[in-house]
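The block underneath contains the structure these notes are about, expressed in structure tokens.
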Amino acid sequence: MPAPSTTARLEPGLTSAFAALCLGAVAMGISPIFVRFASSSIGGAPADVGPFASAFWRVSLCLPLLYAWMRIEEKRAPAGTVTVRFSRASILGGIVFAGDLFFWHLAILKTTVANATFFATMAPLFVVLTVWLVLRQRVSRGTFMGLGLCLLGGAALIGQSLQADPARIVGDLYGVATAFFFGMYFLAASRARKTAGAARVTFEAGLITSAILLVVAFLFDTRVIPQTAQGIAALLAMSYVSHAGGQGLLAIALGRLPAVFSSLVIFLEAIAAALFGWAILGEPLTLVQSVGGALILFGIWIARPKADAPAG
């Protein structure tokens, strides 16, 4: 699959694409909270749904909304616009996103919210290495510097959670697997946006992801249908906020911004998750973690697309 260009210019519309990317990262950053409420045991009662069922509902519940958005988007498209339906990149995006959610929802239940999010947001490392070593495209020095600062900041964000705790190692490894699949989703979605709108890419990938996760849920989960009002509310919120909002905004941004830079901005998801974990779940937030958040912001600024240079 040919890779998207790693260059971008500061042109009209770039600022709005960056804003969409930031909002998408925040929307995805709150998803661990919804997963905890939907999939974890509460007050000693059995979990409302299993982790794979939770992932399935996250994608499938908002498909009608995504379909309506797709129809509106394509109806308003300029005359003569050519759209490729279910391109190979779109299909691949749906497959790897299923892998992303498969491991992501396991990671959230096996480690802390901050841990799961940090390892999952290592996706930029896989994006940069794939573009640089596998696809043989140039990656700028600023991108490498920004990536290093973001990784350092992410490590500071989870602080003491990085201790070698045997109870969390499995969950951390699930997070690393999540990062790999999410990185591949970035490249696939960015490629798919060359021949289709953001709504179609999000809808088609979601349709394929839903089909895969439905099979997985019935094979491995004992609870697939939500049993409580709280579970249903959490799944609806996760679907419409974190998937339709988060992935939809990401697809919009990938139509204007390079995948490599966009993947770095998703480190904002780690900041958002740490803040939500502190505000809602009572997880501690220290000065070191605050410095980590600042490093992430600085790293993104260093790697930003330049007016006369590759954004890599």
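Bear in mind these aren't lab numbers, they're just calculated from the coordinates by the rules spelled out. Model, not experiment: these values are computed from the prediction. Cβ atoms come from the backbone with ideal geometry, glycine included; neighbour counts cover every protein chain shown.
The packing ranking of peptides 123-136, 201-214, 87-100, highest mean first, is 201-214, 87-100, 123-136, where packing means the average number of other beta carbon atoms within 10 angstrom of each residue. Only Lys, Arg, Asp and Glu carry charge here, each on its Cβ (+1 for the first two, -1 for the last two); on that basis the range 21-302 has a dipole of about 940 debye about its Cα centre.
With the chain treated as a Gaussian network of Cα nodes joined by springs under 10 Å, which of I302, I30, I266 yields the largest mean-square fluctuation? Highest fluctuation among the options: I302.
Between the listed residues G282, T111, L133, the Cα displaced farthest toward the positive end of the dipole of the chain, a dipole computed from Cβ unit charges relative to the Cα centre, is found at L133. Straightening the chain between R85 and T228 buys 47.7 nm, computed as 0.36 nm per residue apart minus the Cα-Cα spacing. P(r) for the chain, please, calculated from all Cα pair distances in 10 Å bins and given in %. That works out to 7, 29, 36, 22, 6, 1, in percent per bin. Calculated mean residue ellipticity, 222 nm, the chain: -21000 deg cm²/dmol, from DSSP H runs (n ≥ 4) at -39500 (n - 2.57) each, averaged per residue and rounded to 500.
Of the DSSP H helices in the chain, those with a Cα length along their own long axis of 30 Å or more and a mean Kyte-Doolittle hydropathy reaching -0.5 comprise 88-110, 166-192, 198-220.
Here the Gaussian network model covers the chain, with springs between Cα atoms less than 10 Å apart; of A25, A189, A237, A237 fluctuates the most.
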